[in-house]
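The values are calculated or read from the model by the stated rules, or taken from the named source; none is laboratory data. Since the model is a prediction, treat every value here as computed from it, not as a measurement. Methodologically, a virtual Cβ is constructed for each residue, glycine included, from the backbone with ideal geometry; neighbour enumeration extends over all protein chains shown. For the accessible areas, the whole protein counts, side chains as well, though only heavy atoms, and no ligand, DNA or RNA atoms are used. Shrake-Rupley method; radii C 1.70, N 1.55, O 1.52, S 1.80 Å.
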Amino acid sequence: MLQVAGLTCAIGGAVIVSDVSFDVAPGEFVAVIGPNGAGKTSLFNLLSGLLPVTSGSVTLAGTDITRAGPADRARRGLGRTFQASSVFAGLTVQENVRLAAQARLGGSMRAWQLVRPSDRAYEVAGRALDRVGLGSRAHLPAGSLSHGDKRKLELAILLATDPALVLLDEPMAGVSTEEVAGLTEVIAGVHREEGKTVLMVEHHMDVLLGLADRVAVMHHGALLALDTPARVTGDPAVQEAYLGDAL
Amino acid sequence: MSTVVLLTVTGLGLAALYFLVASGLSLIFGLMGVLNFAHGAFLTIGAYGTWWAAENIPGAGATGWGFVYAVAFGVAVGTLVAAVVELTLIRPLYERHIEQVLVTVGLSLALVALVRAVWGADPRPFPRPELARGTTSLLGANVPNDRFLLIATAIVVLVAVLAFLRFTRFGLVIRAGVENRTMVTALGIDVRRAFTLVFAIGGAFAALAGALGGIYLGSISPGQGTSLLIFAFIVVVIGGMSSITGTAVAAVLVGLVQQFANYYAASGVGDLSVVLLLAVVLLTRPGGLTARLA
């Protein structure tokens with residue numbers, strides 16, 4: 001599904017991501033962990049086209065997307081959420097998802113086209129909202145949702161774009177303890193029932209252990225280890241770099 | 001009493017002009033962060049386009065439907081120029097804000113100079129349709145009809161823009177883009193394409209303001225748009241930079257303050273009090289009256 005080879009990004013002489021290579025198989029769930037500043041979010045920005053690649057390549061489903069822009073990558077099936085909650089606070093929950101559905105289905109630029117509830121984008125948005133359990137709150141302003149619900153909304157937005165590969169950047173960040181279980185369940189559903197390939201940056205190890213097929217550990221911009229959760233947590237080098245402090 | 005009524009309606013008429021110019025500025029800034037200093041030139045183009053059409057195009061004229069055709073021509077030229085400017089000058093400079101300011105300031109100077117070279121620097125008498133020439137008695141005041149024409153046009157534009165943003169697919173893209181451009185792009189929507197249309201719509205409103213400004217002032221001159229632009233920018237800042245309703249409220253505020261201060265204090269104090277109003281709003285509410293779109 002995703003092949004990353006020798007991916008490097010240097011900005012102004014500072015190497016942010018250094019020679020990272022890994023493959024993600026279709027339907028796989030790979031978690032990315034590492035201390036703060038290890039380059040996890042930068043890696044995501046490289047994959048989604050928000051940072052320029054200095055060297056190396058990114059291949060999505062057989063197509064080289066190393067130089068493709070973010071919009072192009074999104075159209076090719078790469079969807080992502082952001083570390084900071086990234087919903088359109090001024091739009092309603094439903095409008096947030098409908099915008100995404102509209103982006104995938106096309107026709108956004110037909111300037112004078114009125115929106116009708118019979119539109120396909122309406123239907124797709126409704127289904128995505130039901131999947132994450134926000135169907136009953138569709139007409140609230142997105143800004144009024146709780147942190148956990150905003151994360152669910154982001155997932156619904158992603159689902160509406162029907163991506164093949166989903167990048168989740170710290171979905172649990174800022175989410176209250178009570179909401180973590182519900183959100184984990186929604187993410188698991190997206191992975192297993194919707195059959196999405198998932199790449200997720202996360203700090204909560206307990207969440208990852210139940211979800212991830214493999215865990216990638218980043219340290220100082222490089223990939224330190226990539227293995228099953230059990231083997232990664234047992235790796236002395238990983239414990240030295242990260243888990244020793246974090247756990 | 002009749003003075004207050006007259007000042008209020010005239011202030012609202014002025015507010016209508018400010019709103020027409022400022023609404024485009026605010027959408028353009030909100031969507032792409034572009035400060036369009038050439039916006040005043042679009043107003044001048046709309047005014048001269050209307051004036052030229054009224055004299056030279058068969059069927060168009062200074063009265064009745066002929067005048068409507070003339071205005072339509074002026075607005076069409078303004079829209080076209082705005083679209084061409086966006087595609088050829090602004091588009092290559094996306095995200096390069098200093099260069100954008102330089103190019104739009106330069107363009108504004110060049111377009112005004114071009115108009116001056118072709119039609120001279122002296123004011124030209126502007127055709128005033130008979131409907132706008134009369135007065136209407138309102139609460140004891142004889143209010144010139146052109147004020148009502150200005151106010152009605154601005155209200156129609158305001159309602160149309162709000163409906164466009166609210167009820168069309170494209171409007172959803174614009175509202176989302178104003179809130180967070182990066183996220184809209186991440187969804188796979190090319191915001192730049194939306195921006196060309198927004199820029200052209202802004203140009204159309206500015207050109208319409210040019211034609212209406214001509215009726216209001218009775219004459220047009222090349223520098224008119226640029227001097228109106230300063231107040232339009234103040235309106236945009238007071239209104240919260242990227243909010244249409246905020247811009248409308250700010251336009252009313254600025255128009256009324258300017259009229260009343262000019263009358264009750266001294267001529268010229270109006271401009272000063274508008275700048276003071278700007279300072280007060282920025283000191284008490286740094287984000288403007290509202291920081292969100294509609």
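Odds and ends about this structure:
- Among the residues making up segment A:1-54, those that are surrounded by 15 or more Cβ atoms within 10 Å (Cβ to Cβ), in a strand (DSSP E or B) and of a type in the set (Ser, Thr, Tyr) are A:Thr8, A:Ser18.
- Taken together, B:Leu27, B:Leu20 contain a single residue that is in contact with a Leu (Cβ under 7 Å, 6 or more places away or on another chain), crowded, with 24+ Cβ neighbours inside 10 Å, aliphatic (A, V, I, L, M) and within 12 Å of B:Ala206 (Cβ to Cβ), which is B:Leu20.
- Taking the criterion of being away from every other protein chain (no Cβ under 14 Å) and surrounded by fewer than 14 Cβ atoms within 10 Å (Cβ to Cβ), the residues of segment B:156-168 that qualify are B:Val156, B:Val159.
Yes/no matrix, rows are residues, columns are (1) under 30 Å from B:Gly64 (Cβ atoms); (2) of a type outside the set (A, V, I, L, M):
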position: B:Glu95; (1), (2): no, yes
position: B:Leu102; (1), (2): no, no
position: B:Pro123; (1), (2): yes, yes
position: B:Arg128; (1), (2): yes, yes
position: B:Arg133; (1), (2): yes, yes
position: B:Ala141; (1), (2): yes, no
position: B:Asn145; (1), (2): yes, yes
position: B:Leu150; (1), (2): yes, no
position: B:Ile155; (1), (2): yes, no
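- Scanning segment B:195-221 for residues that are open to solvent by 20 Å² or more (accessible area, probe 1.4 Å), among the hydrophobic types (A, V, I, L, M, F, W, C) and more than 14 Å from every other protein chain (Cβ to nearest Cβ) yields a total of 3.
- Number of the exception - B:Ala176 against (1) within 7 Å of chain A (Cβ to nearest Cβ); (2) open to solvent by 30 Å² or more (accessible area, probe 1.4 Å); (3) under 17 Å from B:Ser243 (Cα atoms): (2)
- Any hit, segment B:216-226, residues being in contact with a Gly (Cβ under 9 Å, 6 or more places away or on another chain), under 26 Å from B:Val5 (Cβ atoms) and not aromatic (Phe, Trp, Tyr): no
- Within the option set B:Ala206, B:Ala194, being at pLDDT 90 or above and either part of a helix (DSSP H, G or I) or more than 23 Å from the chain's Cα centre (by Cα) (or both) holds for one residue only, B:Ala206.
- Residues that are facing chain A (nearest Cβ under 9 Å), in contact (Cβ under 8 Å) with a residue 12 or more places away in the chain and assigned to a helix (DSSP H, G or I), drawn from segment B:179-191: B:Glu179, B:Val191
- Residues that are open to solvent by less than 90 Å² (accessible area, probe 1.4 Å), at pLDDT 85 or above and not basic (Lys, Arg) within segment A:107-137 comprise A:Val124, A:Ala125, A:Gly126, A:Ala128, A:Leu129, A:Val132, A:Gly133, A:Leu134, A:Gly135, listed in sequence order.
- Residues satisfying the stated conditions in segment B:182-194, i.e. closer than 18 Å to B:Gly24 by Cα and open to solvent by 10 Å² or more (accessible area, probe 1.4 Å): B:Arg192, B:Arg193
- Residues that are open to solvent by 20 Å² or more (accessible area, probe 1.4 Å), outside any helix (DSSP H, G or I) and in contact with a Leu (Cβ under 9 Å, 6 or more places away or on another chain) within segment A:141-154 comprise just one, A:Pro141.
- Any chance B:Ala83 is at pLDDT 90 or above, touching a Ser or Thr at 6+ places or on another chain (Cβ under 9 Å), within 14 Å of chain A (Cβ to nearest Cβ) and open to solvent by less than 40 Å² (accessible area, probe 1.4 Å): yes
- Filtered by the rule that a residue be facing chain B (nearest Cβ under 7 Å), of a type in the set (A, V, I, L, M) and within 16 Å of the chain's Cα centre (by Cα), segment A:70-101 gives A:Ala71, A:Ala74, A:Ala100.
- Within segment B:37-74, considering residues that are more than 17 Å from B:Gln224 (Cβ to Cβ) and of a type in the set (S, T, N, Q), the one least open to solvent (accessible area, probe 1.4 Å): B:Thr63
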